[in-house]
Amino acid sequence: MKFIHVADLHLGKNLKGFSLEEDQKYILGEIAELLKAEEADAIVISGDVYDKSVPVNWAANVFNDFIVEISDIVKYIFIISGNHDSADRIAFGGDIFKKEGIFISGNLVPSDGSDIYKKFTVDDEYGPVNFYLLPFIKPVNVRSFYPDAEIESYDDAVKTVVDDMDVDANGRNVLLAHQFVTGGDLSGSEERSVGGTENVSGELFGDFDYVALGHLHLAQSIGRDTVRYAGSPLKYSFSRAELIDKSVTEVTMGPKGEIDISLLPLKPMRDMIQLPPATFSEVTSSEFMDSYDTKNDFFKIILTDDKPIPDAANILREYYPNYVEIVYQGIVDRLKETGDYQAHEEKSPMEMFREFYSLRNNGDMSDEAASYVEGLIREIWNGGDDYEAD
């Protein structure tokens, strides 16, 4: 059996105001072409189908079109919900869809004696392959299914469910899960609880031939090659770990114990690029820009000028229409040298807004404007209860 492992589609996401609708349509089209070219039997989607629990309309339409397209290419489609998804929305229609080879696990509320996970068995030339579908779970979810179990942590929760699966280690078994497995590298665009409280041990998955993980956006294996995060198909932040070429994972299962894993590269419609630190004059020079697709890609611009450039944000938009972020590194470095720099964490919202205004307009706010903005901040900031002006 050959299947493609993907995760963390985050359909409906925008990039600091830029819609990614066309980008996500494009990359799903690439995945569909890979399924066809590789003659894959199945696709597994390991959670975070959507970026929000209530996705925007176009996101649902894009996913619907994708499923319709690939259902004519592969025999089986396996889907679980992630922490960004609404479990009920992902699970809707599952009993009907499985008649068409589309297997879904999303519900986190026990009903009619149902399990928190789903098990589906399909056959290939070497016999049965058991697919266990475990949606993103929290300890509180698992307690509702196993009220007599002692479940204090995420590790306890996953162990309780995996033990209940009663996996036959002599068979061929695949697990879909959406959790933070200890040892995984964060990329910058996913969330993790403070102190690592969501950590789950990879040792819990010893009876599975392949573990198709979602949650982390950097493609990677954890502990052994067959416990893998597929990573997100698109770059969603400018962190160093995420600014690498994206891929999907192809898994070919032969007889028990024979598994081949390869990464199939994806090329986005628009790339995300962090430009090397440079002055305003340099980043707007033709010599500098000739190295990049400035009219198409997304950019993070790092300016080394130690003084504000009048109307820099608007001027740069003419050269880099899709720039996402500007970092005034030169000004920050100068302030650090003079001792005038203060970390963001130590500043009030009003102080940060004053700095932003000054950098954007090359001048200070008027007293009238400052008073108006401070009033807005007081209104927004917890109803004004905890806000302290500078």
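The values are calculated or read from the model by the stated rules, or taken from the named source; none is laboratory data. Every value quoted in this text rests on a predicted model; they were computed, and no experiment measured them. Heads up, the Cβs are rebuilt from the backbone with ideal geometry, glycines too, and the neighbour counts pull from every protein chain shown. Surface areas here come from the heavy atoms of the whole protein model, side chains and all, with no ligands, DNA or RNA. Shrake-Rupley method; radii C 1.70, N 1.55, O 1.52, S 1.80 Å.
Just so you know, in region 37-73 the residues that are surrounded by fewer than 21 Cβ atoms within 10 Å (Cβ to Cβ) and among the polar types (S, T, N, Q) include one that is nearest to Y229 (Cα to Cα), and it is S53.
If I ask for residues that are among the basic types (K, R) and farther than 21 Å from F208 by Cβ, which ones from region 99-143 would you list?
Residues of region 99-143 that are among the basic types (K, R), as a first pass: 99, 118-119, 138, 143.
Scanning region 99-143 gives K99, K138, R143.
Within region 247-278, how many residues are in contact with a Leu (Cβ under 7 Å, 6 or more places away or on another chain) and either on the phi > 0 side of the Ramachandran plot or touching a residue at least 40 places away in the same chain (Cβ under 8 Å) (or both)? Residues flagged as in contact with a Leu (Cβ under 7 Å, 6 or more places away or on another chain) and either on the phi > 0 side of the Ramachandran plot or touching a residue at least 40 places away in the same chain (Cβ under 8 Å) (or both) within region 247-278 amount to 6. Scanning region 30-58 for residues that are free of Cβ contacts under 8 Å to residues at least 40 places away in the same chain and either closer than 16 Å to S237 by Cβ or not hydrophobic (A, V, I, L, M, F, W, C) (or both) yields E33, K36, E39, S53, N57.
Please go through region 137-151 and give me each residue that is under 13 Å from V109 (Cβ atoms) and either part of a helix (DSSP H, G or I) or open to solvent by less than 40 Å² (accessible area, probe 1.4 Å) (or both), ordered by number. Working first, answer last.
Taking region 137-151 and keeping what is under 13 Å from V109 (Cβ atoms), we get 137-138, 140-145.
Scanning region 137-151 gives I137, V140, N141, V142, R143, S144, F145.
Taken over region 266-275, the criterion of being under 17 Å from the mean Cα position of the chain (by Cα) and part of a strand (DSSP E or B) is satisfied by M272 alone. Taking the conditions (1) open to solvent by 40 Å² or more (accessible area, probe 1.4 Å); (2) farther than 23 Å from K235 by Cβ; (3) touching a helix residue (DSSP H, G or I) at 6+ places or on another chain (Cβ under 8 Å) in turn, T284 satisfies each one other than (1).
For region 240-258, a tally of residues being of a type in the set (V, I, T), surrounded by fewer than 17 Cβ atoms within 10 Å (Cβ to Cβ) and more than 15 Å from the chain's Cα centre (by Cα) returns 1. Of the residues making up region 22-33, one or more are at pLDDT 95 or above, closer than 30 Å to G127 by Cα and under 21 Å from the mean Cα position of the chain (by Cα). Just to be sure before I move on: is F120 farther than 16 Å from S53 by Cβ, surrounded by 17 or more Cβ atoms within 10 Å (Cβ to Cβ) and in contact with a Pro (Cβ under 7 Å, 6 or more places away or on another chain) in the structure I sent? So F120 fails the test. None of S86, S111 is touching a Ser or Thr at 6+ places or on another chain (Cβ under 7 Å), at pLDDT below 95, open to solvent by 20 Å² or more (accessible area, probe 1.4 Å) and farther than 27 Å from G171 by Cβ except S86. Could you tell me whether any residue of region 262-276 is within 30 Å of G206 (Cβ to Cβ) and either touching a Cys at 6+ places or on another chain (Cβ under 8 Å) or basic (K, R) (or both)? Within region 262-276, none of the residues are within 30 Å of G206 (Cβ to Cβ) and either touching a Cys at 6+ places or on another chain (Cβ under 8 Å) or basic (K, R) (or both).
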